[in-house]
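Engineer: Pasting a structure below so you can have a look.
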Amino acid sequence: MARTANAARRDALLDAALTVIRTDGPSSSMDAMAAAAGITKPILYRYFGDRQGLISAVASRFADELELRLASALVVRGAPRDRIRAAVRSYVAFIEEDPLLYGFLTQRAEVSSLVESGLIERVAALLQAAIAEEIESAGLDARPAETWAYGVVGMMHLAGAHWAATLRRPRDELINDLVSLVSDGLLGAAGVETST
């Protein structure tokens, strides 16, 4: 029962931290997060260990939501390019809905906290399965799928971070550029027909 109460308290503190992040973005401070939760900073540290522990918890929550979105997008049937477009559109829409949170994660989180949260691995695993499926359905060797999946995650992460921080380009332009790079570049390298 105490563990359940602690987990519920931790979730409530994480919700308060997310409220601050969605207002202050990358400049969010632990002091502001503690104040929003009505506690002191040492209590916040008791639940998350340190700043990186809190960032890891935020990244894990973000990964849960993003994984659901991408999994839904990747069940789209049709040409490989259609599936890629659905996944890229889903990812960009997720950034667009929560740019300050995304900025916080991309500017303040160390790569180790993103790895620890499972964000990178979970998204890469989804993409790896989709890429491998397309390559195998063409009767080709799916061995590169894992490397390519991690490459796509890195590309999406950095391109998305730059776009969220600047918003200099229209959303559809970003999507088209990313779809072209993934479908024409990666799947084209494997010899998979990507056009609709």
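Engineer: Would you confirm whether or not segment 163-172 contains a residue that is touching a Leu at 6+ places or on another chain (Cβ under 9 Å), modelled with pLDDT of 85 or more and surrounded by fewer than 17 Cβ atoms within 10 Å (Cβ to Cβ)?
Structural biologist: no
Engineer: Name the residues in segment 21-36 that are within 14 Å of D11 (Cα to Cα) and open to solvent by 30 Å² or more (accessible area, probe 1.4 Å), would you?
Structural biologist: A36, the sole residue that qualifies.
Engineer: Exactly one condition in (1) within 30 Å of F48 (Cβ to Cβ); (2) loosely packed, with under 15 Cβ neighbours inside 10 Å is not met by V75; state its number.
Structural biologist: V75 satisfies every listed condition except (1).
The values are calculated or read from the model by the stated rules, or taken from the named source; none is laboratory data. Computed from a predicted structure; not experimentally measured. Positions of Cβ are backbone-derived with ideal geometry, glycine not excepted, and every protein chain shown enters the neighbour counts. Heads up: the accessible areas ignore ligands, DNA and RNA and are worked out on the full protein's heavy atoms, side chains in. Shrake-Rupley method; radii C 1.70, N 1.55, O 1.52, S 1.80 Å.
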